[in-house]
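Let me begin by presenting the structure, written as structure tokens, before commenting on it.
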Amino acid sequence: MHAPDLPADLAVDLAGTTVWLLPERALWWPDGAMLCLADLHLGKAATFRARGLPVPAGTTQGNLDRLAQLLARHPGVQRLVVLGDFLHAAEAHAPALLRALAAWRENHAALELVLVRGNHDRHAGDPPAWLGARIVDEPWSLGPFACCHHPQHRAGRWVLAGHLHPTAVLYGGGRDALRMPCFLAEPGLLVLPAFGEFTGGHAVPAAPGRQRFAVGAGRVWALP
């Protein structure tokens, strides 16, 4: 197995195989040539603007650019699995977003794309057929993994999920506190942080049997 070039990635053994937790808030499984991420929420900012809320533009292109850079860093990726909430809402089907998505897809035409439907995808509707995606419901099994949107447990499988947008709050001296995206691991379950930049987060406290892996400053590390 060839490890990623940057030491900022963190290797974790799951279900008898090694996966890498990436500072880009994604998971790389070399044995399956699979890159996995969750909760892009493409079109969320556009949805807010369409509903009269003044938020900045450009988040969709920024997310797609980050994804392109991530794929370039891992040239062995053959399959991209999105664990739900690829699109945020029906307004995500706006012409500008679809043009950006089509340009991204043209540059990654050979990539197998699997979209596991999440709760937002069901409201947004499936993306256009020209995206060439395999669109599935949870759980979708691949090797030892069950790819889901909602965190759950599946007998005989290690679940990879999203939905929670997990974060860890680190407390310093006085009243200092820092909220960071994190991977959340419990027996039989790994929840990925949200990949999208405009998604918010849910603070997940430490608990017995729970491991959190914080993401920040271009690194992933295990929290005590």
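Being outside any helix (DSSP H, G or I), among the aliphatic types (A, V, I, L, M) and within 19 Å of the chain's Cα centre (by Cα) is a description that does not apply to Leu64. In the set (1) surrounded by 22 or more Cβ atoms within 10 Å (Cβ to Cβ); (2) at pLDDT 90 or above; (3) out of contact with any Gly (no Cβ under 8 Å at 6 or more places or on another chain), Leu70 fails one condition alone, (1). In this structure, Ala207 qualifies as at pLDDT 90 or above and either at negative phi or in contact with a strand residue (DSSP E or B) (Cβ under 7 Å, 6 or more places away or on another chain) (or both). Residues that are under 15 Å from the mean Cα position of the chain (by Cα) and of a type in the set (D, E, K, R) within region 185-224 comprise just one, Glu197. The residues on offer are Trp104, Trp130, and the sole one that is among the aromatic types (Phe, Trp, Tyr) and closer than 22 Å to Ala194 by Cβ is Trp104.
Filtered by the rule that a residue be in contact with a helix residue (DSSP H, G or I) (Cβ under 7 Å, 6 or more places away or on another chain) and charged (D, E, K, R), region 105-164 gives a lone residue, Arg105. Contact map, region 197-224: residues that are farther than 14 Å from Ala185 by Cα and of a type in the set (Lys, Arg) paired with residues that are open to solvent by less than 70 Å² (accessible area, probe 1.4 Å) and modelled with pLDDT under 95, Cβ distance under 9 Å, separation 6+ or inter-chain. Pairs shown: Arg219/Ala8. Annotation note: Cβ proximity below 9 Å between a residue of region 100-119 that is under 11 Å from Gly132 (Cβ atoms) and a residue that is part of a helix (DSSP H, G or I) and among the basic types (Lys, Arg) (sequence gap 6+ or interchain) occurs for Leu111/Arg105; Leu113/Arg105.
With respect to Gly76, determine if the residue is modelled with pLDDT of 95 or more and either part of a loop (DSSP other than H, G, I, E, B) or aromatic (Phe, Trp, Tyr) (or both). In short, yes. Taken over region 78-94, the residue count meeting the criterion of being under 14 Å from the mean Cα position of the chain (by Cα) and loosely packed, with under 15 Cβ neighbours inside 10 Å is 0. Hey, among Leu97, Leu101, which residue is buried (at least 19 other Cβ atoms within 10 Å of the Cβ), part of a helix (DSSP H, G or I) and in contact with a Gly (Cβ under 6 Å, 6 or more places away or on another chain)? One residue alone meets the criteria, Leu97.
The values are calculated or read from the model by the stated rules, or taken from the named source; none is laboratory data. The structure presented is a predicted model; accordingly, all values stated were derived computationally and were not measured. Positions of Cβ are generated from backbone atoms using ideal geometry, with glycine treated the same way; all protein chains shown enter the neighbour counts. Just so you know, the surface numbers come from the protein's heavy atoms only, side chains and all, with ligands and any DNA or RNA stripped out. Shrake-Rupley method; radii C 1.70, N 1.55, O 1.52, S 1.80 Å.
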